[in-house]
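Here's the structure we're looking at; comments come further down.
The values are calculated or read from the model by the stated rules, or taken from the named source; none is laboratory data. As the structure is a prediction and not an experimental result, all values here were calculated from the model. Cβ placement follows ideal geometry from the backbone for every residue including glycine, while neighbour counts extend to all protein chains displayed.
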Amino acid sequence: MDALLTEKGLMTRLGEQIQQARESVGEKASELVINAMGFLGVPYKYGGNSAETGFDCSGFVRAVFEQSVGKVLPRRSDEQAAATQAIDRSELKPGDLVFFNTMRRAFSHVGIYMGDGKFIHAPRTGSQVRVEDMRLAYWQTRFNGARRVPLATAEASAASPPR
């Protein structure tokens, strides 16, 4: 089968489509992180979900994903964890979600991974959206897991082999 696909030039085209899909997803992740940084300094507000009124952690994540890639995530951080794909910490890429146990319950806090051990989030009352280092002891001891948000793209579906 591989020989037939190679002979017809389909393996090359399929490989090119897969690479385009990967690049597209990478671009979306970069765009998402850049958009998230546009909210730096927005005040924290419990239950908040807009730049005008302020954000809580899950409201911030939800707004960034909706505005950046059109993906609507659930409202609460534990629901966001349940609706996304678990990945190992070593697999983290910019745009992935990072979860922490900050209220004595799993997945009580969420942020967006930026790369190089950093994440952006809306931390707590009296604070504002900011970037922090996950390697700090506070965050390391509370780290609860990493998740990837599935981003279906037209290019990715085009890269799927026909049936």
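Pick from segment 18-76 the residues that are among the hydroxyl-bearing types (Ser, Thr, Tyr) and modelled with pLDDT of 90 or more: which of them is nearest to Pro123 (Cα to Cα)?
The extreme case among them is Tyr44.
Quick one: count up the residues across segment 115-154 that are within 24 Å of Thr53 (Cα to Cα) and in contact (Cβ under 8 Å) with a residue 60 or more places away in the chain.
Of all residues in segment 115-154, those within 24 Å of Thr53 (Cα to Cα) come to 119-132.
Narrowing further to those that are in contact (Cβ under 8 Å) with a residue 60 or more places away in the chain: 120-131.
Residues meeting the conditions: 12.
Tally up the residues in segment 103-138 that are at positive phi and outside any loop (DSSP other than H, G, I, E, B), please.
Adding up the residues that qualify gives 1.
Looking only at segment 64-81, count every residue that is free of Cβ contacts under 8 Å to residues at least 40 places away in the same chain and either more than 23 Å from Asn144 (Cα to Cα) or surrounded by fewer than 21 Cβ atoms within 10 Å (Cβ to Cβ) (or both) and tell me the total.
9
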